[in-house]
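In what follows, a single structure is set out as structure tokens and then discussed.
The values are calculated or read from the model by the stated rules, or taken from the named source; none is laboratory data. What you see is a predicted model, and the numbers here were worked out from it, not measured in a lab. As a convention, Cβ positions derive from the backbone with ideal geometry for all residues, glycine included, and neighbour counts pool all protein chains shown.
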Amino acid sequence: MEYFRRNEQERELSRLRWLSEQQHGRMAVVTGSPGSGLSTTVREVLRGFKVLAFRVGGKIPSLQMEEFIRQTEDLLGGDYDFTASTPSGLIEKIADYAKDININVIIYNFEELGRYWKDDYVALDALWRRKKNKTKMFLALCSFSASAMDRLWKNETSPLFNTPDSEVVFPPLKIAELKQIFGFSSSDATLLAWSMTDGLAGPVSLLKNAGVSDVSGLAEAYFSADSPLVHWFKSSLDRLFGREGDVYLSILQVLSGGVSSQKDIESILGMNVGGHLSKLETVYDLIVRERPAFAPPASRGVVRYRIKSIALEFWIKFVWTNINAFSSKDYPRLSALLSKELPVWLDSAQVRYFHRKIQEETQWQNIGSWWSKTASMDIVAWNDGKKRIFLASSCRRPEDFDEEKFKASVNAFKIQSGKAGGLQAVYFTRNDI
């Protein structure tokens, strides 16, 4: 994967390297979405140092420990006894070994540690408080779920409360960066590239290296026989979900088809999915729960769910939903399906594109949408004082803009939200991309 540097992260990356060079133990939390460049960047920052990288999950605990111990012995030598039954036990031995030399330990999928060794978070916290001033080890706790990691160390009841020294977050590449990387002349190509990648460094790098220059090139690169992109999310989700993968993927598939309420999802799947939706939102950080802008927090019947990453939604809709073509490697069929549904997909993606663009390039503190039984508004943005409100609708071309419908939606918003003053109402088209 090409290593994309981001100016706003240089200071944090320098801090990571500084932490790894200190004369006593340091710990950092590192988070980012799958494909965000997290793994690549951490390796880049720690290049030239002694590094152990442990990946939690995928095997029973005893086999994982065998692998962790083998990696440790291969790097540090077999003369020292690294025998341990838990990761915290092994880390304690590495900490003792690292009294006089700098050693970096990376734990990927750290949020899953408690699933295999339920008391290890507490044990790790205790040993770190005992050992951190007696070792030169740097410990990087990495995860694709920021919300799960927050629960492990940011609350007073968290097992690792305030134990890490630093936090580094790898957000997606910004839209302006993405446009600079690809340099497309077509707004459709820019929008498709963004929806295929969500600005994640991994997929962006793969498409960039394929030399794509337009919409057809993007489709060909994504669905070609040797493209890792069609397999990108499957491997990540398999590691994430484990044996419950089929249920979670079914929910994501229904969401990708435009169904957004829990009631409708349960009607289609014929099962209660409340617990699964909660876990997809709070543990796996893959979906978001939305209410109309300015709706009371306790309002019922207006909640809807959507897939958080548009790149994951793209993959679910065009790859996983067509699993037969996926399994038989019928990539031309997948590409043809994309061509057929591309106009509708881009219209939908365009709304989310402008949400992201406003978030990245303006000073609005809150960005959402608004809907009722009779009207809707694609974008609603406001600051905490709520004295000014920005409303926007999205359409493909200027000639597609329905002014009367837009005015009716603005009036409905005023009446139903109770926000009648300080409104700015505009519309966006593909030309604004």
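E403 satisfies every condition listed in (1) assigned by TED's automatic domain parsing to the domain that holds S261; (2) free of Cβ contacts under 8 Å to residues at least 60 places away in the same chain except (1). On inspection, Q416 does not qualify as at pLDDT below 95, under 30 Å from S186 (Cβ atoms), polar (S, T, N, Q) and outside the structural domain of G199 (by TED's automatic domain parsing). Within segment 275-303, no residue that is over 23 Å from A146 (Cα atoms) and among the aromatic types (F, W, Y) sits with its Cβ atom under 7 Å from a residue that is part of a helix (DSSP H, G or I) and at pLDDT 90 or above at 6+ positions apart or across chains. Per the conditions (1) surrounded by 16 or more Cβ atoms within 10 Å (Cβ to Cβ); (2) over 21 Å from E281 (Cα atoms), the sole criterion not satisfied by S166 is (1).
Considering L240, L252, which residue is crowded, with 21+ Cβ neighbours inside 10 Å and either closer than 25 Å to L342 by Cα or among the β-branched types (V, I, T) (or both)?
Working: L240 fails: either closer than 25 Å to L342 by Cα or among the β-branched types (V, I, T) (or both).
One residue alone meets the criteria, L252.
Could you check segment 419-431 and list, in sequence order, the residues that are within 15 Å of A189 (Cα to Cα) and loosely packed, with under 15 Cβ neighbours inside 10 Å? N431 - this is the single residue of segment 419-431 that is within 15 Å of A189 (Cα to Cα) and loosely packed, with under 15 Cβ neighbours inside 10 Å. Screening segment 53-74 for residues that are at pLDDT 95 or above and among the aliphatic types (A, V, I, L, M) and picking the one that is surrounded by the most Cβ atoms within 10 Å (Cβ to Cβ) gives M65. Residues in segment 263-292 that are at positive phi and among the charged types (D, E, K, R): D285 only.
Checking the structure you have, find out if any residue of segment 289-298 is closer than 25 Å to S143 by Cα and either under 23 Å from the mean Cα position of the chain (by Cα) or at pLDDT 90 or above (or both). Yes. Restricting attention to segment 148-159, the residues being over 21 Å from I287 (Cα atoms) and within 23 Å of the chain's Cα centre (by Cα) number 4.
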